[in-house]
Structures are given as C-alpha cells and as structure tokens.
Amino acid sequence: MTQKEFDLALFMFRNIGRVVSRGHMLEMVWATSSKLNTRTVDTHMSRLRSKLAIDEQPLWRLSSIYRHGYRLERLEMQEQD
C-alpha cells in the first residue's frame with residue numbers, strides 16, 4: 001500500500017458513515033484544490049477497495065454515491081439461524 005492509499009484509508013475510516021465528496025478528499029488527503037481532476041480519487045478508491053478487500057468482507061461496504069463521493073459503512077453482523 002502506498003502512503004497516499006494509507007492516508008486515504010485513514011481519512012475514510014475517520015469518516016465512517018459520512019458521504020465524503022471527491023473534492024473534499026482532494027483537499028484533505030492530497031492537500032490540493034478540489035477543482036483538479038477527481039478521477040484521481042476514483043482510481044485510488046478502486047485500488048484501496050482491492051488492496052483492503054473491502055467488498056469481500058461482510059462487515060464493511062465502500063459505496064460510490066453518484067455525483068457526491070464515497071461512503072464507508074460498517075455493517076451490522078447478521079444473526080445466524
């Protein structure tokens with residue numbers, strides 16, 4: 001994991017349950033203007049999903065919120081019958 005991926009993961013875990021805009025991520029993680037290309041965020045989020053295997057774990061969901069950004073959610077454990 002690169003330093004930037006680690007910084008992005010830390011940022012998302014500090015904002016669990018909140019929708020975070022791509023622009024805000026650029027400002028907070030990359031320390032740059034939100035007017036820059038937000039595809040950078042999408043690319044890093046895709047790599048982060050893969051490296052942390054978030055979509056394969058039943059306790060976490062990393063959702064892309066159309067036209068807004070991303071949200072990391074902790075899911076409740078389902079009771080087993």
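Since every read-out is calculated from the coordinates, none of them should be taken as a lab result. Remember, it's a predicted structure, so these values are computed and weren't measured experimentally. In this analysis, Cβ positions are derived from the backbone assuming ideal geometry, glycine residues included, and neighbour counts consider all displayed protein chains.
Placing unit charges on C-beta atoms (Lys and Arg positive, Asp and Glu negative, everything else neutral), compute the dipole magnitude of the range 3-74 about its Cα centre in debye, rounded to 20. Walk me through the intermediate numbers first.
Details: 13 positive and 7 negative charges, 31 e Å.
That gives the range 3-74 a dipole magnitude of about 160 debye.
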field: Helical contribution to [θ] at 222 nm, DSSP H n ≥ 4, -39,500 (n - 2.57), averaged over the chain, rounded to 500
entry: -13000 deg cm²/dmol
query: Order of 16, 54 from fewest to most other C-beta atoms within 10 Å?
result: 16, 54
task: Return the distance in nm (one decimal) between the two label points of a simple spin-label model at residue 21 and residue 5, each offset 7 Å from Cα along Cα→Cβ.
output: 2.8 nm
query: DSSP loop trypsin sites (Lys or Arg not before Pro) in the range 29-76 with at most 10 other Cβ atoms within 10 Å of their Cβ, which ones?
result: 35, 67
message: Less than 11 Å Cβ to Cβ from residue 47, Lys/Arg counted +1 and Asp/Glu -1: what total charge do the surrounding residues give?
response: +1
- line: Largest-first semi-axes in Å of the equivalent ellipsoid built from the Cα gyration tensor of the chain are 24, 13, 10
